1. For Gly190, indicate whether it is in contact with a strand residue (DSSP E or B) (Cβ under 9 Å, 6 or more places away or on another chain) and small (Gly, Ala, Ser).
2. Take segment 190-220 and flag every residue that is in a strand (DSSP E or B), more than 24 Å from Leu86 (Cα to Cα) and not small (Gly, Ala, Ser).
3. Being of a type in the set (Val, Ile, Thr) and modelled with pLDDT of 75 or more is the filter; apply it to segment 284-313 and report the residue that is surrounded by the most Cβ atoms within 10 Å (Cβ to Cβ).
4. Against the definition (aromatic (Phe, Trp, Tyr), in contact with a helix residue (DSSP H, G or I) (Cβ under 8 Å, 6 or more places away or on another chain) and either closer than 30 Å to Gly247 by Cβ or surrounded by fewer than 19 Cβ atoms within 10 Å (Cβ to Cβ) (or both)), how does Tyr156 come out, yes or no?
5. Which condition breaks for Asp208 when tested against (1) open to solvent by 70 Å² or more (accessible area, probe 1.4 Å); (2) within 34 Å of the chain's Cα centre (by Cα); (3) more than 30 Å from Glu148 (Cβ to Cβ); (4) of a type in the set (Asp, Glu)?
6. Give all pairs with beta carbons closer than 7 Å in which a residue from segment 203-222 that is over 18 Å from Ala282 (Cβ atoms) meets a residue that is assigned to a helix (DSSP H, G or I) and not β-branched (Val, Ile, Thr); count only pairs at least 6 apart in sequence or on separate chains.
7. So, in segment 253-278, of the ones that are in a loop (DSSP other than H, G, I, E, B) and touching a strand residue (DSSP E or B) at 6+ places or on another chain (Cβ under 8 Å), which residue ends up farthest from Thr166 (Cα to Cα)?
8. Among the numbered criteria (1) open to solvent by 80 Å² or more (accessible area, probe 1.4 Å); (2) part of a strand (DSSP E or B), which one does Ile187 miss?
Amino acid sequence: MASQNTDPTDLSSVADQTIENVNRFVAYFQDTEMWIGFGFKLAGVALIILALYIASRILTSMVQRVFTLRKIHEDNIVAQRQNETLLKLAQNTIRYVLGLVMILTVLGQFGVNIAGLIASAGVAGLAISFGAQNLVKDVITGAFIIFENQYKNGDYVNLNQQVDGTVIEVGIRTTKLKGLNGQVTIIPNGQIMQVTNYSLENSVAVVDIGVAYEEDMGKVETALKEIAKTVEAKYHDLFIQPITLAGVQSLGPSEVVYRLMAEVPPTQHFAAGRILHKELKAGLDERGIEIPYPRTVMMSPTTSTKGAPGDAS
């Protein structure tokens with residue numbers, strides 16, 4: 001096997017090059033002018049961040065002031081809720097735009113080519129959009145929800161016949177609902193196919209009450225109308241129109257079901273229904289009209305006397 005000899009001249013040149021690179025690296029970090037320039041850049045970045053933060057606070061406060069003045073002069077609760085929705089959207093838009101400006105400005109302070117970055121972002125954004133179709137769909141659907149005023153903050157809605165609650169935030173990408181138990185549900189706007197809004201118009205409370213078949217129908221209808229008038233007088237702020245007795249709704253296995261209907265303010269049909277059920281129960285009890293309910297009858301088997309002692313054979 002032939003031995004390989006290393007040229008001492010090559011080893012010396014490699015060592016000299018390495019030492020030169022190390023010295024250059026150390027000299028770079030010992031350069032006072034470099035650190036002074038870097039300090040000025042950091043100071044500039046800090047001033048940019050501070051200035052944009054102050055601008056964000058000022059602009060969001062101005063927008064809030066404008067919408068607050070509009071809300072004060074609005075008597076319609078629907079318009080007030082719309083103002084709240086647009087207020088949050090405007091404030092979020094200001095924060096997003098100023099945040100993007102801050103990032104680009106900071107990068108420019110460190111020598112990044114902003115124009116090239118924006119051009120590259122446009123090409124990259126086109127490529128990413130094909131893989132982010134759901135995100136694009138959420139944003140477009142959110143824009144239509146907001147500008148078509150399908151619902152707004154404070155509205156009680158049902159989405160896709162699956163989840164319902166009070167709208168606490170309408171964003172450009174998601175909608176947040178707060179349920180009756182306090183749970184918050186976040187739904188991407190692109191998945192919202194059907195909206196049932198209970199807050200746009202007056203609600204209607206529908207109450208069914210069962211009465212025994214043995215009761216006289218005329219007497220029952222008179223009693224229900226009297227109870228309805230009593231409820232209207234007692235809760236006059238809740239019922240917009242007189243409570244209507246629609247008549248016999250159905251014939252159940254053990255009861256005749258009567259239906260009453262009442263127009264109430266938006267989203268108040270739940271409360272009105274509970275009040276009506278309570279007052280109907282108390283009123284029918286006072287008049288001796290029976291509301292049937294399931295009963296359990298215990299029957300003991302009869303003992304047969306056949307074959308008992310003393311029987312004649």
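1. no
2. First pass over segment 190-220, keeping only residues in a strand (DSSP E or B): 195-197, 203-212.
Among the residues that remain, those that are also more than 24 Å from Leu86 (Cα to Cα) are: 203-212.
Matches in segment 190-220: Val204, Val206, Val207, Asp208, Ile209, Val211.
3. Ile289
4. no
5. Condition not satisfied by Asp208: (1).
6. Listed pairs, sorted by first residue: Ser203/His269; Val204/His269.
7. First pass over segment 253-278, keeping only residues in a loop (DSSP other than H, G, I, E, B): 253-254, 265-268.
Restricting the remaining residues to those that are touching a strand residue (DSSP E or B) at 6+ places or on another chain (Cβ under 8 Å) gives 254, 265-268.
Details: Ser254: 38, Pro265: 16, Pro266: 12, Thr267: 10, Gln268: 13 Å.
Taking the candidates together, the pick is Ser254.
8. (1)
The values are calculated or read from the model by the stated rules, or taken from the named source; none is laboratory data. The model shown is predicted, which means the values in this text are computed figures rather than measured ones. Note that we place each Cβ from the backbone using ideal geometry, even for glycine, and neighbour counts take in every protein chain shown. Heavy atoms of the whole protein, side chains included, go into the accessibility calculation; ligands, DNA and RNA do not. Shrake-Rupley method; radii C 1.70, N 1.55, O 1.52, S 1.80 Å.
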